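Participant: Here you go, one structure.
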Amino acid sequence: SGNPWATLTYACTQATSGDTIFVTAGNYTETARAALPVGVSILGDSTNIPVITYTYATAGGTNGCIYLNSGGSATVTNGNQSISYLNLNGSSLTASRAIAVLHRNNVDLHHLTIEDFNDGGIRLYVSSSYPTLYSTGNKIRHCTINNSSSRVADNYPAAIRVTGQDECDIVYNTLDMTERAA
């Protein structure tokens, strides 16, 4: 804490399994994707929730500004991690998706506010080999997602998009897309 890092992206490159990245109160700007390693959690200040604004355009599909990717389409990895108490902002629809969780089990996303992402809020994904391969134990709870879903021809955007999940809890969330066209 005596020598803090300036960005979440950099902190993710320094953390290893079992670590928690603490985000103190304040406003932060991220210009690159944060690739969160397996077993690393992100915890914001629950009494004065930090705001992280993403000012770069992420690719659509399964990408996210906070990216939990366990690689290949033939395996699923135990994430054993959480992301909580953050306000993630897509900078007036500049960024595509806030969080993408790919091929990981036991990821707990809670007490998040996600606003103004162009294509989506949260994506939980395992490849098209479901039902023979799927993630278990993932949770999205007590989150608010505003203005973070578009409607396009290939149909991948959504405030919360879920593919290839089993025993997945999605509870006590508020989704509001009333700022978008029908």
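Participant: Mind giving me the nanometre distance, one decimal, between the label points for Ser17 and Ser1, set 7 Å out from Cα along Cα→Cβ?
Facilitator: 2.8
Participant: Here is a further query. Over the chain, with the other protein chains present, what is the accessible area per residue in square angstrom, probe 1.4 angstrom?
Facilitator: Per residue, the chain has an accessible area of 46 Å².
Participant: Next up: Assuming a ≥ b ≥ c are the square roots of the Cα gyration tensor eigenvalues, decide whether the chain counts as rounded (a/c under 1.5), prolate (otherwise, with a/b larger than b/c) or oblate.
Facilitator: oblate
Participant: Follow-up question, since we're still on this one. If ligands, DNA and RNA are left out, what is the accessible area of Asp19 with a 1.4 Å probe, given in Å² to the nearest 10?
Facilitator: 60
The values are calculated or read from the model by the stated rules, or taken from the named source; none is laboratory data. Everything numeric in this text was worked out from a predicted model, so none of it was measured. Here Cβ is always computed from backbone atoms with ideal geometry, including for glycine, and neighbour counts include all displayed protein chains. For accessibility, only protein heavy atoms count, side chains too; no ligands or nucleic acids. Shrake-Rupley method; radii C 1.70, N 1.55, O 1.52, S 1.80 Å.
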